[in-house]
Amino acid sequence: MGTHDRRLSAVQAINDAVESRRLSLQEKLDSRKTIKERRKLGQFATPISLARDIVAFGLEHIDTPDNIRFFDPAFGTGAFYSALLQETESIKITNATAIEIDPLFADAASSLWFDYSIKIFNSDFTDIEPDTQYNMIICNPPYVRHHLIEGEGKVRIKNKTEKISGVRLSGLAGLYCHFLLQSIQWMDDGAVAGWLIPSEFMDVNYGKAIKAFLLSEVELFRIHRFNPEDAQFSDALVSSAVVWFRKKKPTNLNVTFSYGGSLAVPHECKNIAVDSLRQESKWTRFPTQPQRFVKQSAPKLKDYFDVKRGIATGGNDFFILAESRISELGLPLEFFRPVLPSARYVKTTEIESDAFGNPILSQKLFLLDCRLSEDEIKEGYPLLWQYLESGKGSVANGYLCKTRKCWYFQEQREAPVLVCTYMGRSMGKRKGAFRFILNNSRATVTNSYLALYPHKNLSEQFIATPSLKRTIWEMLNGMTADSLLDEGRVYGGGLQKIEPKELLNVDVPFLLGIV
Ligand SMILES: C[S@@+](CC[C@H](N)C(=O)[O-])C[C@H]1O[C@@H](n2cnc3c(N)ncnc32)[C@H](O)[C@@H]1O
């Protein structure tokens, strides 16, 4: 072994040692927090093998691999920096900077990397300005959902994202979207960025603005989507993608989309024309499915039905009571309406009804739905008043109840004719994850279902020909898993989900002849 090789293997040994210290530090810090606390800050580390794949790919695409100016705005313990040290010589890293909001992680990481030339700032990335620009950003940003970003902070982050990128993101966009767009001001011209993010933005409405940005303001060159069946992060069940772009006006005609396997050796890989990407609303169909051509003639579910999410009660445990509990508490039944148990407990696809319109199910549940004022209740229904009092300080202070005119007023939703269980796992090609349930009762549903309401014409036809309901229900249940999934989404671990707008867009050519 020559001197150079000896030196290299000594460096490798040092890097391996620091990586193993980092790993045990990561485990120690993770174990100090509950899952809920970690979710709040999106604290789910990147496995080192994945971090190395990502960094290696970045190094292949950076213009000046001998002069790396590296930036990670969501550092954690530094999986990507560690990967960088393993994938290149430290002499080539001329600047390395990182940001971490959590002092616990920032302090621990500062000690771990004390002897290395990396600056670690304990700050909120969305709240600081760049000191300089970098030519390589690699980041696994916090996957913090929009409702966990707090009120005033949300407005500030939104405004800042718009100021930097020109993109006004929807309030539904998660923190990771803001990270990606805000990072632009930290990038040098021609800099390369690799973002490990949920693939959700590729299909949903709030992602449209990001996709337009990626196609027009920077040069998007690669998206690799991992197979959701093989969840990358066992503790944060999301299906992830790595999105690669350069900070420059785009000149490319194609973007490489790959799927499954690894970034370096994907199972499938195709170049997709930028024009196709502009037209297609669901990018997750690439590269496994061909481009869709706009179908003019196929009717969609929205031509026959409205779809609404079931009621969000603001506290199912409080507002939904079993029949036995209602009589035990002596509450007046007139203020309760039947409600179906959560989709997970209803195994059937048809709900029969008793003479009162109540569903015939072993679990008989009722939703407290009283529109009287507190004074009226206190005077006329003291037991109900007492029950409502017991919800004060807890249920009544929940987000939803607090935003209502009167905290216990429920949304007024008629019993739907058909409901759809919009989340589940598929069991083979024909047996889809979503079930359509024919509801013959007057039970309403909570938001574990999507409720289908026929348009006026169709509802008149249902009255004239009652068997039509059943025919349509059977046809909907006969749809293949694929035709529904064309519109829905697949999450980590194979969980499938369809949103109201997506369900409305499902093609229902079979209804043409019969309605
Ligand atoms: C998904 S983890 C990634 C950590 C690490 N880079 C890795 O790949 O293993 C996201 C990190 O961002 C941090 N974080 C969350 N919000 C942040 C913010 N506003 N500014 C900076 N860091 C933030 C979290 O504490 C967490 O350590």
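The values are calculated or read from the model by the stated rules, or taken from the named source; none is laboratory data. Since the model is a prediction, treat every value here as computed from it, not as a measurement. Cβ coordinates were reconstructed from backbone atoms using ideal geometry, including for glycine residues, and neighbour counts include every protein chain displayed. Accessible surface areas use protein heavy atoms only, side chains included; no ligands, DNA or RNA. Shrake-Rupley method; radii C 1.70, N 1.55, O 1.52, S 1.80 Å.
What the table shows:
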read-out: Equivalent ellipsoid semi-axes, the range 375-416, via Cα gyration tensor eigenvalues times 5, rooted, Å; value: 19, 16, 9
read-out: For the chain, projected area of the alpha-carbon convex hull averaged over all directions, nm²; value: 28.5 nm²
read-out: Ellipticity estimate at 222 nm from DSSP helix runs (n ≥ 4, -39,500 (n - 2.57)) divided over the chain, nearest 500; value: -9500 deg cm²/dmol
read-out: Fully extended contour minus Cα-Cα distance, from Glu162 to Arg21, at 0.36 nm per residue; value: 46.8 nm
read-out: ³J(HN,Hα), Karplus 6.51/-1.76/1.60, whole Hz, each residue of the range 253-267, x for Gly, Pro; value: 9, 10, 10, 7, 10, 10, 8, x, x, 10, 4, 6, 10, x, 6
read-out: Amide H within-cut-off set for Met136, under 5 Å, with H built and near neighbours excluded; value: Arg69, Phe71, Val192
read-out: Over the range 3-285, equivalent-ellipsoid semi-axes from the Cα gyration tensor in Å; value: 28, 23, 19
read-out: Normalised alpha carbon radius of gyration of the range 111-184 [divisor 2.2 N^0.38 Å]; value: 1.22
read-out: Karplus 3J(HN,Hα) series, Hz, for the range 162-176 with 6.51 cos²θ - 1.76 cosθ + 1.60 (x for Gly, Pro); value: 5, 4, 6, 10, x, 9, 9, 7, 5, x, 8, 6, x, 4, 4
read-out: Calculated FRET efficiency for the pair Leu329/Leu512, C-beta based, R₀ 60 Å, to 0.05; value: 0.70
read-out: Probe 1.4 Å, accessible area per residue of the range 3-285, Å²; value: 43 Å²
read-out: Partners for Lys119 among lysines (Cα-Cα distance below 20 Å; same-chain residues under 8 apart left out); value: Lys92
read-out: Fully extended contour minus Cα-Cα distance, from Lys497 to Ser394, at 0.36 nm per residue; value: 34.0 nm
read-out: Cα coordinate range in the range 339-393, projected on the principal axes (Å, largest first); value: 42, 28, 16
read-out: Out-of-range pairs (alpha-carbon distance over 24 Å; input Lys208/Lys456; Lys378/Lys402; Lys158/Lys405); value: Lys208/Lys456; Lys158/Lys405
read-out: Calculated FRET efficiency for the pair Ser353/Arg470, C-beta based, R₀ 22 Å, to 0.05; value: 0.95
read-out: Net length gained if the chain between Tyr345 and Glu374 were fully extended (0.36 nm per residue, minus Cα distance); value: 7.1 nm
read-out: Quotient of Cα Rg and 2.2 N^0.38 Å for the range 84-127, N being how many residues it contains; value: 1.24
read-out: Amide H contacts under 5 Å for Thr444, placed H, 5+ residues apart; value: Val339, Leu340
read-out: The range 181-200 and the range 1-67: distance between their alpha carbon centers, rounded to Å; value: 19 Å
read-out: Accessible carbon and sulfur surface of the chain relative to its total accessible area, %, 1.4 Å; value: 53 percent
